[in-house]
1. Per residue, how many Å² of accessible area does chain B show with a 1.4 Å probe?
2. To the nearest 100 Å², how much accessible surface do chains A and B cover up together, summed over both, with a 1.4 Å probe?
3. Quick one: grab Rg to one decimal and Dmax as a whole number for the range C:75-155, Cα atoms only, in Å.
4. So what does B:K460 come to for accessible area, using a 1.4 Å probe and Å² rounded to 10?
5. Quick check on the protein assembly as shown: helices-only [θ] at 222 nm, where DSSP H runs of length 4 and up contribute -39,500 (n - 2.57) each and the sum goes over total residues. Nearest 500, please.
6. The range B:83-115: which residues show an accessible-area loss of 20 Å² or more, assembly versus chain alone, 1.4 Å probe?
7. Taking each pair of distinct Cα atoms in the protein assembly as shown once, what is the resulting Kirkwood hydrodynamic radius in Å?
8. Past 27 Å, Cα to Cα, is the threshold; run A:K278/A:K415; B:K206/B:K571; A:K196/A:K238; B:K334/B:K560; A:K278/A:K422; A:K230/A:K275 against it and keep the listed order.
Amino acid sequence: MELLLFKHNRPGRVCTFEEYRDGGGFSGLKKAIAMAPLEVQQVVMDSGLRGRGGAGFPTGKKWSFVPRDLPGPRWLICNCDEMEPGTYKDRALLEANPYSLIEGMTIACYALGVRHAFIFIRKGYETAAANLARGIEEAKKAGLLGERILGTDFSVDLDLHLSAGRYICGEETALINALEGKRPNPRVKPPFPAIKGLWNSPTVVNNVETLANVPEILANGAAWFKGLAKNPEGAGNKLFCVSGSVAKRVCVELPIGTTLREIIDVHCGGMRDGKKFKACIPGGASTQFLTADHLDVPMDFDTVAKVGSRLGSGGVIVFDESQCLVAATLNLITFFARESCGWCTPCREGLPFVKEILQRIEVGRGEERDLEIMREHIKYLNYSFCALAPGAMAPLDGLLRSFEDEVREHILKGKCPYKTEKQI
Amino acid sequence: MPKLTIDNIPVEVPQGTSVLEAARSVGITIPHFCYHPALAIAAACRLCAVKLLDGPVKGIQMSCSLAAQDGMVVSTTDPEAMKLRSLVIEWLMINHPHDCPVCDEGGECLLQDFTIAGGHGRRRYQGNKRTHMNQYLGEGIYHEMNRCIQCYRCVRFYQEYAGGTDFGVMGSAGRVYFGRFEEGQLESPLSGNLVDICPTGVFTDKTGRFRARYWDYQFSPAVCQHCSVGCNTSPQAFHRELIKIVGRRNDNVNGWFICDRGRFDKEYLNTPLRPRDPMVDGTPCEYEEALAALAARVADLAKVHGPESIVIAGSPRLSLEGALMLTELAEHLKGATLSFYAGPAESEVSLGAVKLLNEQNAATVRDLEGADCVVLYELDLIEEGAMLVPAVRKAAVRGGQVYLVSSGQRTLSKPLPFAYRQVASLDEVIIEGGAKGVVICGAAPRPAEEMAQIASLGAKLMLLQPGPNGFAVGTVALESRAVPLSEVLSSGKVKALLAFEAELPDRLPEGVTLLACADWRASDLAKGAAVFLPTTTWIESDGTAVNFEGRAQHFQRSFKAGLPLKGLDPKYYQHQSPAPLHPPRVPHGEIPGGKERDCWKVVAQLIEKMGGGSMAEPLTGKWGALRDLDPEGGGIRVFGLRDR
Amino acid sequence: MIPEELKKSLQQRVATAVTAREAAVDVMKELQSHYGWLTDEAVGEAAEILGLSTLQVDELATFYEMIYRRPVGKKVIHVCDSISCWCAGFERIMEHLRKKLGVVEGQTTADGMFTVIPCCCMGICGDSPAMTVGGNFYGSVTPEKLDEILEKERKN
Ligand SMILES: Cc1cc2nc3c(=O)[nH]c(=O)nc-3n(C[C@H](O)[C@H](O)[C@H](O)COP(=O)(O)O)c2cc1C
Ligand code: SF4
Ligand code: SF4
Ligand code: SF4
Ligand code: FES
């Protein structure tokens, strides 16, 4: 199996500039600069690369929305907010190798005609930020970043913006507000960032992993990238970061289309303590639970969507038979209720409502009508201002779809069936 | 112009109109909280949901942030949309106190109305309510954070519209808090609008809390008479007490808002110290008696010293009607001198503006908002025309250049909430050829050369007046060749001064033997007048005001003048002995202290008493065209009339 | 009062930013590390450096999880309470901390050493349960390991 994201990784330490360069790094950038910007964009479009930040939007297409004829600057922002519970791939990537991202962003800037780009980094990723800061200096020194890259007229400034912790900053318009130093509430869309983003100019926001794919796509071509996936519709590799009840919790790079079964059994060494698989969240906290029935679904955007969940960020959280999914969902909802930005009513008030209900069900004070109220929330939180609240409803939706019996058992028995008398 | 249907009603609206506004245009109110026509779209409350059944967009959408498009089929009554709306109410009521009876907003609360409209009635949430601490926000506004529904209107108004920086939103999620960094007086001169803009009872007018409910109020369209901008208001009175003043929309003048002075400065209208009784030689009497006495004394004096010894004085506090009626009086007392200004400086400023302005060069508020260059000339804008501040701010935010020309004589009472360049003289101002420029001049004396220079800039002009109705009075003064009061008095020939809402000097010159005053306030000098005639304020009378840009606006009486019931002296109800049984079975039609009359009517009646004709209609001749002016309309500019 | 050097370096950061506001979070974080938490005084200083009002700074400060607007101990213990750490039993860690330090979430130990605050996912899900003490990361925490960590952190 061919690696591209983790290709340059060294065990236990970050790869050096020389190692990256000598291992074929920056060849993508050199190739790109010899092409016309729109050709570069076309290669990315042809490669089938889809956004790795969660929504899976085709990257080349997103770039193509940026108007080329407006006066004034354009911006590129790399989204390294990664606060989606269960997701740690961007950290894994940047702590091992900051250069793919730097090179990928430089290429993206070239394709988009961007002069000044930012990497928005969450609180807690100081190591990643330090790697990037060092990498940026090294690339500048080597003439691969900054003024007159590789002796051409093309110049790019790359700056880090270190945040102070808040999940909503990962939502692209909230991120733009955060970067501008405003309160990070999302913005009304349209206008979309591609038209009116950072400081009201056209802006592209891409995830770390998305941009880190770009150098190899340019170096090896669109067809090569497409061919990496296991399923015919898929393209490229994906980082899967696994946590929960598995024997080995790992972040691995695997072809798109790899099955959950393979991820768990082969790469994570099976379940922890020989427990039985009960369910998993396939792509970070805001995706629906999948069950044992879905273990052979190829992990790609459309195939996972077809079975009612989302590939999301690739943060796989595995639950075993001994775990109560009502309690797990309560934990997730508590997270989202706390992380709501407070802008719109359904999210700000609806999530605490759901939390209150789940709390009661979990301690045995649930009522039959609670199911109906939760279903109303699953449906109507879709009409929130941004995607946080609908995302928050995803695990609840999965719970009621696949584990309604478990919820009902709580209500009927008046206690959590997974808790011993002593725990209660 | 997109054509769509809303609840089966065909609607056609201008491009860019929201579905919410399109529905409003055919009489359908879609419930909403965060939406306010004066503010940027927030789409935060999610109450304005409608369902699009067919057309370019489908499904549940927020009507406030959805532009009407051709072929849309909108339902406001679709069960799904109604369900979402009722859920939004349920969500908001999770934490909202259920105590409308002890909330000063009750009766005029958007949340009450839309809770009823939303159909949510039974509590399903079983947790506790969230509570907040309140802040002291100064003497104008009471803060009750528990009533907040997080619509973000207040902060959008305060920061984006008014440019304030000391009030905003803190925290996140369910903990968002709308207030200040620390307790204290709100700094913005427009802070009082928080009362109007907040859909619930978070901000209420401290100066009138718990005095009455909305349905108790008597109110009519009024025009603020604090400065010459002429903002539209609704003064709300209860039992003859002016409880609150709120803003009234007029897009030609003040938009939706008013300044804090116009809202909170009302004590002098309610004060029991206001002169209420007609008096002759210091003794209270009936109005007719006082009028008769005055008519007789004026006639006597005219016989002995001739009408040339009489001055008839008014001021820019008079309504247009009052000013016109004074010219009738002068006509009747042929030879008497007419005066409208205390001194020559004030007169020059006011008349100079009237002379200089015309339909083409007089800037409107819209012109100001759209200006590329704004010049504030020797002017403390917040002091002299606070409601022009948001218009200048709009221009500045749009990228317009603002200059403050200040030779250093005038200082700013408060910092201006927009970016500007301060320069020492007009020479440093660059208005490029063809640029949309507006120069705003204060009512401080304006040297003629500088006015000439300003006029030559090619920019439009806003010349503020020294009094609220300066433009009307200035126009009348110009036509009637009025003379400033100080000048007439210093001639030494004056024997009688008849002052109608006029500003009196501190002392009268020797030789003045007759002083008569008609006013709703009284200086010490006025109190000693031989004849005193109490008049009504603009809130208690009908009339016409003309603002600095020559815009005539009608105001209407909100309530019949008289002493407020609150604090009423017992003499007004304990005069019967034995005291009547409770409750009294015979109503008294008389309003305590309610003898005041509208100033123009007092003048008209005086003329009649002196043998002149009856003057039932003050707006005659060319001014007759203003008789039917709609008090709720936008007002009309009078240049055409004036120059007729 | 902050030292002149710190003030200079913050002014420098603001001067090189695209807009002053872009540097706001950096400025607040620096002031926080100087004072331990973002005191009212620090908010005033940030406001001055950024050309904003104190309210405008507070609007930002109160939004972010890792800006403290209340006093905290010498070191803040953040215990992740999100789903992967839940799976790995963060509740046991929290329980142990409560007992060991005699505080509940949000409180500071009597000696002013530690403040315990739950926090959201720190991206150490592969090594859950996770926590930070004074900014240092610890993964796969067990009650036994926790004792050692506290011991160590108390010393340096
Ligand atoms: C609540 C919320 C949080 C998000 N957090 C992140 C994040 O931490 N990192 C990220 O890359 N995208 C995040 N996203 C998705 C971004 O909005 C955006 O779609 C993404 O950065 C685009 O990059 P991509 O096209 O490369 O995937 C989040 C979205 C939402 C609604
Ligand atoms: S759904 Fe609404 S409240 Fe929640 S994060 Fe998005 S905008 Fe904020
Ligand atoms: S704000 Fe409105 S709904 Fe709330 S208590 Fe007051 S009157 Fe009632
Ligand atoms: S205080 Fe009033 S205006 Fe401000 S958000 Fe709350 S309800 Fe809305
Ligand atoms: S009025 Fe439309 S969302 Fe609030």
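1. On the way: 26090 Å² over 644 residues.
About 41 Å² of surface per residue is accessible.
2. On the way: alone 17090 and 27810 Å², together 42180 Å².
Interface between A and B: roughly 2700 Å².
3. 11.3, 33
4. Accessible surface of B:K460 is approximately 70 Å².
5. Working: 41 runs with 401 residues, N = 1224.
That calculation yields -9500 deg cm²/dmol at 222 nm.
6. Listed by number, the residues meeting the 20 Å² cut-off are B:K83, B:L84, B:L87, B:W91, B:L92, B:I94.
7. Working: mean 1/r = 0.0288 Å⁻¹.
It is 34.7 Å.
8. Numbers: A:K278/A:K415 20 Å; B:K206/B:K571 30 Å; A:K196/A:K238 30 Å; B:K334/B:K560 35 Å; A:K278/A:K422 24 Å; A:K230/A:K275 29 Å.
Table pairs above 27 Å Cα-Cα are B:K206/B:K571; A:K196/A:K238; B:K334/B:K560; A:K230/A:K275.
The values are calculated or read from the model by the stated rules, or taken from the named source; none is laboratory data. Bear in mind the structure is a predicted one, so any value in this text is a computation, not a measurement. As a convention, Cβ positions derive from the backbone with ideal geometry for all residues, glycine included, and neighbour counts pool all protein chains shown. Heads up: the accessible areas ignore ligands, DNA and RNA and are worked out on the full protein's heavy atoms, side chains in. Shrake-Rupley method; radii C 1.70, N 1.55, O 1.52, S 1.80 Å.
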